[in-house]
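Here the structure is laid out as C-alpha coordinates; the discussion comes afterwards.
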Amino acid sequence: MKTLLNLIWLILSGIWMAILYLLAGVLLFVTIIGIPFAIASLRIAGFALWPFGRTAVPRRDAGAPSCVGNVLWLVLAGWWLALGHLLTGVALCITIIGIPLGLANFKLIPISLAPLGHEIVPTDQPFAHR
(Lines give C-alpha, C1' and ligand atoms only; values in the text may rest on other atoms or scores of the structure.)
Protein backbone atom coordinates (compact mmCIF):
# COMPACT_ATOMS: atom_id res chain seq x y z
CA MET A 1 0.00 0.00 0.00
CA LYS A 2 2.88 2.37 0.81
CA THR A 3 4.35 1.82 -2.63
CA LEU A 4 1.05 2.57 -4.38
CA LEU A 5 0.55 5.74 -2.34
CA ASN A 6 4.14 6.81 -3.02
CA LEU A 7 3.67 6.32 -6.77
CA ILE A 8 0.44 8.36 -6.79
CA TRP A 9 2.16 10.99 -4.62
CA LEU A 10 5.16 11.08 -6.96
CA ILE A 11 2.99 11.72 -10.00
CA LEU A 12 0.64 14.29 -8.45
CA SER A 13 2.92 16.41 -6.30
CA GLY A 14 6.04 14.69 -5.03
CA ILE A 15 8.24 15.21 -8.06
CA TRP A 16 7.51 18.94 -8.21
CA MET A 17 8.09 19.48 -4.50
CA ALA A 18 11.31 17.48 -4.60
CA ILE A 19 12.58 19.47 -7.58
CA LEU A 20 11.87 22.76 -5.80
CA TYR A 21 13.60 21.59 -2.61
CA LEU A 22 16.51 20.34 -4.73
CA LEU A 23 16.85 23.69 -6.51
CA ALA A 24 16.75 25.52 -3.19
CA GLY A 25 19.47 23.18 -1.88
CA VAL A 26 21.69 23.80 -4.90
CA LEU A 27 21.28 27.56 -4.52
CA LEU A 28 22.12 27.33 -0.83
CA PHE A 29 25.26 25.29 -1.56
CA VAL A 30 26.63 28.28 -3.49
CA THR A 31 27.10 30.21 -0.25
CA ILE A 32 29.34 28.90 2.50
CA ILE A 33 26.91 29.96 5.22
CA GLY A 34 24.01 28.16 3.53
CA ILE A 35 25.56 24.68 3.44
CA PRO A 36 23.76 23.34 6.56
CA PHE A 37 20.48 24.67 5.15
CA ALA A 38 21.27 23.09 1.77
CA ILE A 39 21.82 19.71 3.39
CA ALA A 40 18.51 20.09 5.24
CA SER A 41 16.78 21.08 2.00
CA LEU A 42 18.14 18.01 0.23
CA ARG A 43 16.97 15.82 3.13
CA ILE A 44 13.48 17.31 2.81
CA ALA A 45 13.61 16.77 -0.98
CA GLY A 46 14.14 13.05 -0.45
CA PHE A 47 11.37 12.96 2.13
CA ALA A 48 9.02 14.92 -0.15
CA LEU A 49 9.78 12.56 -3.02
CA TRP A 50 8.80 9.39 -1.14
CA PRO A 51 7.00 10.27 2.16
CA PHE A 52 4.91 7.17 2.84
CA GLY A 53 6.69 4.68 5.04
CA ARG A 54 9.10 7.25 6.49
CA THR A 55 8.96 9.78 9.30
CA ALA A 56 11.10 12.53 10.82
CA VAL A 57 12.51 12.06 14.32
CA PRO A 58 14.61 14.48 16.38
CA ARG A 59 18.31 13.68 16.74
CA ARG A 60 19.77 13.42 20.23
CA ASP A 61 23.04 15.07 19.28
CA ALA A 62 21.37 18.21 17.88
CA GLY A 63 22.35 21.15 20.04
CA ALA A 64 22.13 24.92 20.17
CA PRO A 65 23.49 25.53 16.65
CA SER A 66 20.61 23.55 15.13
CA CYS A 67 18.15 25.54 17.25
CA VAL A 68 19.61 28.85 16.03
CA GLY A 69 19.63 27.52 12.47
CA ASN A 70 15.99 26.48 12.78
CA VAL A 71 15.05 29.99 13.90
CA LEU A 72 16.81 31.43 10.85
CA TRP A 73 15.20 28.82 8.61
CA LEU A 74 11.75 29.56 10.07
CA VAL A 75 12.08 33.30 9.48
CA LEU A 76 13.58 33.05 5.98
CA ALA A 77 11.94 30.01 4.39
CA GLY A 78 10.09 27.74 6.80
CA TRP A 79 6.86 29.67 7.19
CA TRP A 80 6.12 29.91 3.47
CA LEU A 81 7.06 26.27 2.90
CA ALA A 82 4.72 25.23 5.71
CA LEU A 83 1.98 27.46 4.30
CA GLY A 84 2.42 25.82 0.89
CA HIS A 85 2.16 22.36 2.42
CA LEU A 86 -0.91 23.43 4.41
CA LEU A 87 -2.73 24.85 1.37
CA THR A 88 -1.80 21.87 -0.81
CA GLY A 89 -2.87 19.46 1.94
CA VAL A 90 -6.25 21.14 2.32
CA ALA A 91 -6.76 21.11 -1.46
CA LEU A 92 -5.88 17.42 -1.66
CA CYS A 93 -8.18 16.53 1.25
CA ILE A 94 -11.21 17.80 -0.68
CA THR A 95 -11.39 14.53 -2.60
CA ILE A 96 -11.57 11.11 -0.96
CA ILE A 97 -8.66 9.79 -3.01
CA GLY A 98 -6.55 12.80 -2.07
CA ILE A 99 -6.97 12.45 1.72
CA PRO A 100 -3.86 10.28 2.24
CA LEU A 101 -1.89 12.67 0.04
CA GLY A 102 -3.15 15.65 2.01
CA LEU A 103 -2.15 13.94 5.25
CA ALA A 104 1.32 13.38 3.80
CA ASN A 105 1.50 17.12 3.12
CA PHE A 106 0.53 17.79 6.72
CA LYS A 107 3.29 15.36 7.79
CA LEU A 108 5.82 17.51 5.92
CA ILE A 109 4.86 20.72 7.76
CA PRO A 110 6.92 20.16 10.95
CA ILE A 111 10.06 19.21 9.04
CA SER A 112 9.64 22.18 6.70
CA LEU A 113 9.40 24.50 9.72
CA ALA A 114 12.45 23.14 11.57
CA PRO A 115 14.58 20.74 9.49
CA LEU A 116 17.84 20.98 11.39
CA GLY A 117 18.28 18.45 14.17
CA HIS A 118 15.98 15.86 12.58
CA GLU A 119 16.59 12.73 10.58
CA ILE A 120 14.31 10.78 8.28
CA VAL A 121 13.82 7.12 9.27
CA PRO A 122 11.50 4.30 8.17
CA THR A 123 8.20 4.23 10.07
CA ASP A 124 8.70 0.66 11.19
CA GLN A 125 11.66 1.72 13.33
CA PRO A 126 11.21 5.39 14.41
CA PHE A 127 12.27 4.73 18.00
CA ALA A 128 15.32 2.62 17.15
CA HIS A 129 17.24 5.73 16.05
CA ARG A 130 16.58 7.74 19.21
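Relative to the longest principal axis of the Cα atoms of the chain, the long axis of helix 64-73 makes an angle of roughly 60 degrees. Its DSSP H runs of at least 4 residues, each contributing -39,500 (n - 2.57), put the calculated 222 nm mean residue ellipticity of the chain at -19000 deg cm²/dmol, to the nearest 500. Residues whose amide H comes within less than 5 Å of that of residue 118, counting only those at least five positions distant or on another chain, are 59 (H built at 1.01 Å from N in the peptide plane). Modelled spin labels at residue 67 and residue 11, positioned 7 Å past Cα toward Cβ, are 4.6 nm from each other. Mean projected area of the Cα convex hull of the stretch 38-130, taken over all directions, amounts to 6.0 nm².
Residues in the stretch 1-59 average 57 Å² of solvent-accessible surface per residue, probe 1.4 Å, ligands and nucleic acids excluded. Highest mean packing comes first when the peptides 112-120, 53-61, 27-35 are listed by Cβ atoms within 10 Å, giving 112-120, 53-61, 27-35.
Counting only protein heavy atoms and a probe of 1.4 Å, the accessible surface of the stretch 1-89 is 82% carbon and sulfur. Only residues of the stretch 1-40 count here: report those whose backbone N is under 13 Å from the spot 7 Å along Cα→Cβ of residue 95, or say none. Residues 8-9, 11-13 fall inside that zone. How would the stretch 1-83 be classified by its alpha-carbon gyration tensor: rounded, prolate or oblate, with rounded meaning a/c under 1.5 and the a/b versus b/c comparison settling the rest? Verdict is prolate for the stretch 1-83.
The values are calculated or read from the model by the stated rules, or taken from the named source; none is laboratory data. Keep in mind the model is a prediction, meaning the values are calculated, not measured. All Cβ positions, even for glycine, are placed from backbone atoms using ideal geometry, and neighbour counts span all protein chains on display. Surface accessibility is based on the protein's heavy atoms, side chains included, excluding ligands, DNA and RNA. Shrake-Rupley method; radii C 1.70, N 1.55, O 1.52, S 1.80 Å.
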